[in-house]
Amino acid sequence: MSCRRGALIVLEGVDRAGKTTQCQKLVHALQQSGRAAEIMRFPDRTTKIGQLISSYLEKKSNLEDHTVHLLFSANRWEMVPLMKQKLEQGIDLVVDRYAFSGVAFTSAKPGFSLEWCMNPDIGLPKPDLVMFLQLNPNMAANRGEFGIERYETSAFQRTVHQRFEELMQDSSVNWKVIDAARTIEEVHKDIKRLSEDIISLAQNQPVGEL
Ligand code: T5A
Ligand code: NA
């Protein structure tokens, strides 16, 4: 009997929407229900490329805007063999940000089209489900002061939010919008239900490509 593949589930949203909190809770819940589930995050700051990105985000170094965009994409591509291997082994991957963050953040900078930004990610494994944690940037700001990392300003985050809205018009991606302004448990309940539904569907079809 062949092993049923795992599902590729992505959480997206503006900064502080609760992505990391919800990824951890989802993985835990799936594991409790007997599934093999693992968390992944982008940027993955542990690789050599990830360290360049991390230093840039911490403003310890500067990188030209196109260059850093391509590094974020390369940081996803370097994980693709591992992602495919895990999905084939039946492991559900719960991913904290993916190509959509890549496009939304770079295209929020002047002079970058959505199309140019999407190009380097073409061919990446396509998520079975992308849940967008919807949170008004003003409410996100109420979850504590912005940190010192690059991009953590209200004006930039508002533009990022607009870019996500544009990306969500693409009906070839299975987007679900989640109201992230509720309690952690309420948000989790919706995420868990949507994930369980997609896990049973994904088992019967091959992994797609962006
Ligand atoms: N980026 C990323 C690019 O430019 N290109 C790319 O290709 C990629 C992949 C780093 C930056 O890189 C950019 C985007 C980012 O600017 P990161 O390391 O993922 O990305 O960012 P983090 O700072 O780790 O995470 P965020 O700020 O986005 O926060 P989360 O994960 O959305 O939120 P979380 O879960 O950490 O929660 C934030 C706070 O809110 C509370 C939590 O307890 C926590 O204190 N909270 C809630 N409070 C009330 N109600 C709820 N429902 C709550 N849920 C969480
Ligand atoms: Na996070």
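For q values of 0.17 Å⁻¹, compute log₁₀ I(q)/I(0) with the Debye formula on a Cα-only model of the range 56-124, without solvent.
-0.68
With a cut-off of 17 Å, note down the residues of the range 174-210 whose backbone N falls inside the zone around a label point 7 Å from the Cα of residue 31 toward its beta carbon.
Under 17 Å, as judged by backbone N against the label point of residue 31, lie 192 of the range 174-210.
Mind computing the radius of gyration and Dmax over the alpha-carbon atoms of the range 81-202? Å is fine for both.
15.7, 43
Ranked highest first by the average count of other Cβ atoms within 10 Å around their residues, in what order do 110-116, 153-159 fall?
Highest to lowest by the protection proxy: 153-159, 110-116.
When the dipole is taken about the Cα centre of the range 91-141, and only Lys, Arg (+1) and Asp, Glu (-1) are charged at their Cβ, what size is it in debye, to the nearest 20?
For the range 91-141, the charge dipole is close to 180 debye.
What is the range 162-210 by shape, rounded, prolate or oblate, if you read a ≥ b ≥ c off the alpha carbon gyration tensor as root eigenvalues and call it rounded for a/c under 1.5, prolate for a/b larger than b/c, and oblate otherwise?
Note, shape of the range 162-210 comes out oblate.
Over the C-alpha atoms of the chain, what are the Rg and the largest Cα-to-Cα span, Dmax, in Å?
Cα-based Rg and Dmax for the chain come out at 16.6, 53 Å.
Would you kindly derive the ³J(HN,Hα) couplings of the range 22-34 from the backbone phi angles with the Karplus curve 6.51 cos²θ - 1.76 cosθ + 1.60 (θ = phi - 60°), listing them in order in whole Hz, with x for Gly and Pro?
Using θ = phi - 60°, the values come out as 6, 4, 5, 5, 5, 4, 4, 5, 5, 5, 4, 8, x Hz.
For residue 90, enumerate residues with amide H under 5 Å from its amide H, sequence gap 5+ or separate chain, H modeled in the peptide plane.
6
Quick check for me: using +1 on Lys/Arg Cβ and -1 on Asp/Glu Cβ, what's the dipole size of the range 1-147 about its Cα centre, in debye to the nearest 20?
Using Cβ point charges on Lys, Arg, Asp and Glu, the range 1-147 gives about 340 debye.
Determine the calculated [θ] at 222 nm for the chain from helices alone, applying -39500 (n - 2.57) to every DSSP H run no shorter than 4 residues and normalising by the residue count; nearest 500 deg cm²/dmol.
-14000 deg cm²/dmol
Which shape class, rounded, prolate or oblate, goes with the range 1-125 when its Cα gyration tensor gives a ≥ b ≥ c as root eigenvalues, a/c under 1.5 marks rounded, and past that a/b bigger than b/c marks prolate?
Because a/c hits 1.5 or more and a/b exceeds b/c, the range 1-125 counts as prolate.
Rounded to the nearest 0.05, what FRET efficiency is calculated for residue 176 and residue 113 with R0 set to 30 Å and r the Cβ-Cβ distance?
My answer for the efficiency is 0.70.
Run the reach check for residue 60 against aspartates and glutamates, Cα to Cα strictly under 18 Å, same-chain hits fewer than 8 apart removed. What comes back?
Reachable aspartates and glutamates: 44, 149, 152.
Every read-out reported here was derived from the displayed coordinates using simple, explicitly stated rules and does not represent laboratory data. What you see is a predicted model, and the numbers here were worked out from it, not measured in a lab. Neighbour counts run over all protein chains shown; Cβ positions are idealised from the backbone, glycine included.
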